[in-house]
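Asker: Quick one: the structure is below, questions incoming.
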Amino acid sequence: MSATEKTMTAELVFALGKATRHAIDNLNAGASPAELTKIGKDVLEAGYEKVDADLLMLFVAGFEEGEPPERRADPENRA
């Protein structure tokens, strides 16, 4: 895989993490920051032997950042 392909793959995986977080937020489930961290940890554990560890970590990084990233500063007001 070329460097360009690796970069594109990394960007895609990160964007998928952000999109997943956005979808969860739109459920209005009211998940606490601790619950969201547990989801990220569960994703890492579930994909451990199936997906490259670096890609999993990029996905979780995107998931933790979410959309928009400034909501991390005020987790109680995530809307």
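Asker: Once R0 is set to 25 Å, what does the formula 1/(1 + (r/R0)^6) return for the Cβ-Cβ distance between residue 6 and residue 45, expressed as a FRET efficiency to the nearest 0.05?
Answerer: Rounded to the nearest 0.05, the efficiency is 0.55.
Asker: Please give the net charge around residue 17, taking every other residue with its beta carbon less than 9 angstrom from that of residue 17, where Lys and Arg add +1 and Asp and Glu add -1.
Answerer: That works out to 0.
Just so you know, all these numbers are worked out from the coordinates, no wet-lab data involved. Just so it is clear, the structure is predicted and the values come from calculations on it, not from any experiment. Positions of Cβ are generated from backbone atoms using ideal geometry, with glycine treated the same way; all protein chains shown enter the neighbour counts.
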